[in-house]
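Below is one structure, written out as structure tokens; comments come after it.
The values are calculated or read from the model by the stated rules, or taken from the named source; none is laboratory data. These figures come from a predicted structure and were not determined experimentally. We place every Cβ from the backbone using ideal geometry, glycine too, and count neighbours over all the protein chains shown. The protein model used for the area step is the full one, side chains on, heavy atoms only, and it has no ligands, DNA or RNA in it. Shrake-Rupley method; radii C 1.70, N 1.55, O 1.52, S 1.80 Å.
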Amino acid sequence: MHDVYSVLVVDDEEPIRRLLVKELGNKKRTVRTAVDARNARRELHDHQYDIIILDIRLPDADGLELFTELKSLAPDTEVILITGHGNIDHAVEAMRLGAYDYITKPFALDRLELVLDRAYQRVFLQRENKRLRHSQETELPTLPLIGKSDAISHVQYLISKVAPTDVPVLITGESGVGKDVVARNIHAQSRRADKQLIIKNCAMLQRELVRSELFGHKKGAFTGASEAKDGLMSLAQQGTLFLDEIGDLPEDVQASLLRVLENQRYRRVGENEERQADIRFLFATNRNLAEEVTNGRFNEALFHRINVFNIHIQPLKNRREDIPLLVEHFLARLCVGHDHCSIATSALDQMLNYDWPGNVRELRNIIERSIILSENGAISPQLLPREMAGFEFRESPTGEDMTLETVEREHIRRVLNLHDGNRQKAAVALGIGRKTLYRKIQKYALLPGNGHHESQ
Ligand SMILES: Nc1ncnc2c1ncn2[C@@H]1O[C@H](COP(=O)(O)OP(=O)(O)OP(=O)(O)O)[C@@H](O)[C@H]1O
Ligand SMILES: [Mg+2]
């Protein structure tokens with residue numbers, strides 16, 4: 001446990017506050033104080049504390065009630081009570097309700113320190129557990145961003161420039177191009193690197209609960225809210241919150257998110273007071289958000305706010321020089337069950353010519369699958385999926401050399417396929433007129449529904 005932890009002392013006696021600030025504050029703890037219940041509430045709204053030391057007798061509140069209230073404001077914070085001899089019953093009752101421990105006045109400082117450190121240990125472990133439970137989507141190790149194309153070099157440059165700032169970043173690009181990888185690299189190169197990176201896919205948020213998942217809620221905020229709950233905003237405090245597929249965020253929540261970006265404050269569901277959001281935001285989408293704005297599906301002001309710094313990743317087919325590096329990278333990383341994994345030049349050629357609709361994810365999956373299918377870790381063209389083989393690499397069904405006509409037919413078939421049967425586009429791609437294409441389609445009987453979707 002290397003973290004500095006924060007303590008809030010709630011006590012109306014000035015000498016005690018002064019003593020605790022002086023004696024407890026050190027390299028591993030920061031200590032702040034509140035003189036009464038009102039003050040304590042405000043502190044908890046504005047800051048996240050690890051531990052509260054609460055005098056059970058305050059002028060403006062019933063100790064037990066205040067304890068329950070503070071606990072619901074900050075469910076993950078441990079509370080240690082200070083009590084006089086007359087109030088031990090109350091302290092015991094508070095323990096039953098979830099206080100960490102109590103100490104009686106007059107107390108020995110070293111005993112209090114011991115209790116504090118143990119309480120923090122609990123806070124730390126609970127937070128760690130929560131983080132691990134979250135880790136399916138989160139906290140995977142940062143992966144290097146492989147590539148030497150101009151496109152990827154530029155992305156790397158943009159990351160290095162924007163990472164140290166707190167500016168929100170919108171990462172765009174087709175599915176599988178590496179938006180997650182970029183987000184992780186931004187976090188890893190930021191001053192928040194040793195804090196949490198929380199990743200949430202907005203498409204996976206439960207619709208009725210989106211607001212509460214993001215902002216948290218107060219106990220009793222709605223039916224079923226039997227406990228107060230921290231939202232992603234509080235999980236990500238001091239760290240980074242990566243909202244993936246931001247285009248899927250429901251509209252009413254888009255407006256609330258805009259407010260957080262504008263003034264770094266948010267409100268839990270059911271609460272009036274605002275809390276501070278010390279969070280770096282990253283966003284990703286494979287949609288065209290500008291278009292969504294035009295169609296009225298995405299909040300225009302939010303779009304401008306998150307689009308201040310855009311990192312766009314080109315599809316893999318536009319940066320083919322990255323393919324050999326990526327292949328090498330995944331061959332090394334995914335080589336299991338063999339001493340060494342390699343790829344035949346002819347197989348790599350096919351990869352270089354392929355269009356990669358699924359981008360790097362598809363490439364990774366194909367390597368993984370081929371390694372499994374291979375005898376000794378050597379990937380030959382036969383192991384690659386069929387659609388990757390351009391006709392020129394494919395054996396003719398009879399094993400004989402193909403005639404020029406067969407080659408032409410196969411090539412037209414393949415190009416039509418690539419363009420989903422769209423003749424206009426296929427003609428452009430083939431460099432022939434539409435009429436010529438038409439004639440050839442008739443000649444080779446490549447009519448829609450008449451075979452051009454089959455591969456032989
Ligand atoms: N430049 C790269 N270097 C190394 N690995 C990469 C790179 N780009 C993508 N990958 C790998 O490819 C896979 C897909 O990448 P990622 O999950 O980042 O895509 P994405 O753009 O977030 O896709 P989606 O839109 O579907 O969420 C991952 O396994 C990732 O590690
Ligand atoms: Mg992704």
Item to check | Overall dimensions of the chain as given by Cα atoms, namely Rg and Dmax in Å | outcome: 30.2, 102
Next on the checklist: Can you compute the modelled spin-label distance between Tyr438 and Ala344, with each label point 7 Å from Cα toward Cβ, in nm?
Outcome noted: 4.3 nm
Checklist entry - Percentage of Cα-Cα pair distances in region 5-134 greater than 17 Å, rounded to whole percent? => result 54 percent
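How long is the gain from Lys148 to Asn318 if the chain were fully straight, where each residue apart is worth 0.36 nm and the alpha carbon distance is subtracted? Don't skip to the answer; put the middle values down first.
Details: separation 170, 0.36 × 170 = 61.20 nm, distance 1.27 nm.
So the extension gain works out to 59.9 nm.
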Checklist entry - Given H placed on each backbone N at 1.01 Å, which residues far from Tyr102 in sequence or on other chains put an amide H within less than 5 Å of it? => result Leu81
Next on the checklist: Tell me the mean residue ellipticity at 222 nm calculated for the chain from its helices only (DSSP H runs of n ≥ 4, each -39500 (n - 2.57), averaged over every residue, nearest 500).
Outcome noted: -12500 deg cm²/dmol
Item to check | Local electrostatic count at Glu273 - Lys and Arg +1, Asp and Glu -1, tallied over other residues with Cβ under 12 Å | outcome: +4
Next on the checklist: With every protein chain kept in place and ligands, DNA and RNA left out, what is the accessible area per residue of the chain? Probe 1.4 Å, answer in Å².
Outcome noted: 51 Å²
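Can you give the relative contact order of the chain as a percent, counting alpha carbon pairs under 8 Å and 6+ residues apart?
On the way: 683 pairs, mean separation 52.1, N = 456.
Relative CO of the chain lands at 11 percent.
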Checklist entry - What pairs from Lys28/Lys200; Lys148/Lys200; Lys130/Lys229 go past 22 Å between their alpha carbons? => result Lys28/Lys200; Lys148/Lys200
Item to check | Segment Gln264-Glu368, extension gain: residue separation times 0.36 nm, minus the distance between their alpha carbons | outcome: 33.1 nm
Checklist entry - Taking the radius of gyration and the Kirkwood hydrodynamic radius from Cα positions alone, what is the Rg/Rh ratio for region 229-272, to two decimal places? => result 0.94
Next on the checklist: For a quick check: with amide H placed at 1.01 Å from N, whose amide H comes under 5 Å from Phe242's, ignoring anything fewer than 5 positions away on the same chain?
Outcome noted: Ile198, Ile199, Lys200, Leu282
Next on the checklist: Give me, ordered by chain and number, the residues 5 or more places off Thr30 or on other chains with an amide H under 5 Å from its own placed amide H.
Outcome noted: Tyr5, Ser6, Val7
Item to check | Net lengthening on full extension, Glu128/Thr223 (0.36 nm per residue, minus Cα-Cα) | outcome: 31.3 nm
Checklist outcome for this item: Among the DSSP H helices of the chain, those whose Cα atoms extend at least 20 Å along the helix axis and whose mean Kyte-Doolittle hydropathy is 0.0 or higher are 359-373
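What number do you get for region 150-312 when its Cα radius of gyration is normalised by 2.2 N^0.38 Å, N = residues?
Dividing the Cα Rg of region 150-312 by 2.2 N^0.38 Å gives 1.03.
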Checklist entry - Where the Cα atoms of region 317-389 are projected onto their three principal axes, how long is each span, largest first, in whole Å? => result 33, 22, 19
Next on the checklist: Counting only other residues whose beta carbon sits under 14 Å from that of Ile186, what net charge do I get with K and R as +1, D and E as -1?
Outcome noted: +4
Next on the checklist: On a straight-distance basis, which aspartates and glutamates could pair with Lys440 in a cross-link, Cα separation under 12 angstrom, same-chain partners fewer than 8 positions away excluded?
Outcome noted: Glu405, Glu408, Glu410
Next on the checklist: Which trypsin sites (Lys or Arg not before Pro) in region 1-96 sit in a loop by DSSP (not H, G, I, E or B) and have at most 16 other Cβ atoms within 10 Å of their own Cβ?
Outcome noted: Lys27, Lys28
